[in-house]
Amino acid sequence: MFKSKADKRTLRYRCVQPTESLLHGKSFRWIENGGKVLGVAHCDSVHCGKPTVFKNRGRYVRSTTLDDRLGVHILLDVLPQMGITTDVLLTDDEEIGQSTASDFAETIGTDHPYNWIFSFDRKGSGSVVYDFTTMEPYAKHYFKKVHRGSFSDISYLESLHVGAVNIGAGYHNEHTLNSFADLRETQKQVNRFANFYREQRETMIEHTPIETQWDSETDFVYRGSRYIWSSYSRDWIPEDEHEEYANLILGAESPIDEEEVDRLTALNDPDEMDLEQEIWDASRLRQMIERDESLRLMDRF
Ligand SMILES: [Zn+2]
C-alpha cells in the first residue's frame, strides 16, 4: 500500500478531487457498508491561498490538502483493499470549526449501534482521544502514544455514546504551504489500526458525553474550561493556553521548511521517483481520469 504507482495516483486523485464530488453535493456523506465501526474524515482543507497541487517525491508526498484528504484516502481506498469494511462519514467545514459531523449526529440520533469511531486526522504518529476516556487504554495499547488535542470531527459525535479515537495519519506541517506526508509513517499507522480493528471491532466501547455549553460562535465551555477558536492554528484552544499557542504557531509556521523536505527526499530510491515533481491541477487530472478506467470506477465513491 502507498508504494505502487496506482496507489499514488489514487491518493493524488483524492487530494485534488472537488469536495462537491466527494460529498455528492451534500453537507456530509454517510456511506453505510454494514460496518460496526465508523470512520470519519473531513473533505475541506486549509489551502493557504494557493491552488491545490500534488507532488510525488517517493516516500514523501506534498499537498496542502493532505489534512484530511489522506484520511479520506485511507477510509475509501486503503482499508477496503486490506479487507477492512467500516462505515464512513465524510464531512465539511471542519477547518473553520463548524464540522458538519454535528449535522450527522443530529440526523442519526443517540443510539446507532456503532461499537466505536475513528479518524485519521492528525499529524505524525500516535493518537488523541479528547474526552473519550474509555478509549484511552485501547489507544495506548495499539497506537503507543496518546497526545493531547483539543477538537476535531469526532468531538462532535459524543452523542452517539461510543468511544472515538483520532489517529496520526503521517502528515506534517498541516495548514501551511509546506504540508507533506511521510507515507512510511502512514503505512505504520494503518497497520496499527488494522490490529486494533481485527482484535476489537466487536468490542462496544461505551462513552458518556459531557455537556458542552456554547457561549458564542467563537467560544464555548467544556468540562469547566473555556475554549476559543484560533484562526492561527485553525483549532479550538483552551483559553489559558491561547496566547502561548498563537505565539507558537506564529513563530513556527513551517517547522520543517522546503529545503529540509528536499534534503529528506534526496535519500529516496530513484526507482520511486518516476512520478516525481509533477504538478497536477484539477482539470488536468480530470482529463487523465477520463482516460483511465480504473480511476473512473472510483467515482462511485
Ligand atoms: Zn484535519
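The values are calculated or read from the model by the stated rules, or taken from the named source; none is laboratory data. What you see is a predicted model; the values in this text were computed from it and never measured. Using ideal geometry, Cβ is built from the backbone for each residue, glycine included, and neighbour counts are taken over all protein chains shown.
A residue that is at pLDDT below 95 and more than 16 Å from R29 (Cα to Cα) occurs nowhere in region 100-108.
Pairing residues of region 78-99 that are more than 14 Å from Y197 (Cα to Cα) and touching a residue at least 12 places away in the same chain (Cβ under 8 Å) with residues that are within 14 Å of the ligand (Cβ to nearest atom) and of a type in the set (A, V, I, L, M), at Cβ distances under 7 Å and at least 6 apart in sequence or on separate chains, gives V88/L75; L89/V40; L89/A101; L90/A41; L90/V72; T91/V40; T91/A101; E95/V46. Does region 37-51 include one or more residues that are charged (D, E, K, R), surrounded by 18 or more Cβ atoms within 10 Å (Cβ to Cβ) and within 14 Å of the ligand (Cβ to nearest atom)? Yes, some residue in region 37-51 is charged (D, E, K, R), surrounded by 18 or more Cβ atoms within 10 Å (Cβ to Cβ) and within 14 Å of the ligand (Cβ to nearest atom). Do you know which residues across region 64-88 are outside any helix (DSSP H, G or I) and either more than 14 Å from the ligand (Cβ to nearest atom) or at pLDDT below 90 (or both)? Those that are outside any helix (DSSP H, G or I) and either more than 14 Å from the ligand (Cβ to nearest atom) or at pLDDT below 90 (or both): T64, M82, G83, I84, T85, T86, D87, V88.
On inspection, F196 passes the criterion of being assigned to a helix (DSSP H, G or I) and either modelled with pLDDT under 80 or touching a helix residue (DSSP H, G or I) at 6+ places or on another chain (Cβ under 9 Å) (or both). Would it be correct to say that S150 is under 27 Å from D103 (Cβ atoms) and of a type in the set (G, A, S)? Judged against the criteria, S150 is a match. For region 119-134, residues that are of a type outside the set (S, T, Y), away from the ligand (no atom under 14 Å from the Cβ) and over 20 Å from Y227 (Cβ atoms) total 1.
Mind listing just one residue for me: the one in region 154-182 that is part of a helix (DSSP H, G or I) and within 14 Å of the chain's Cα centre (by Cα) and, of those, modelled with the lowest pLDDT?
Per the criteria, the residue is S155.
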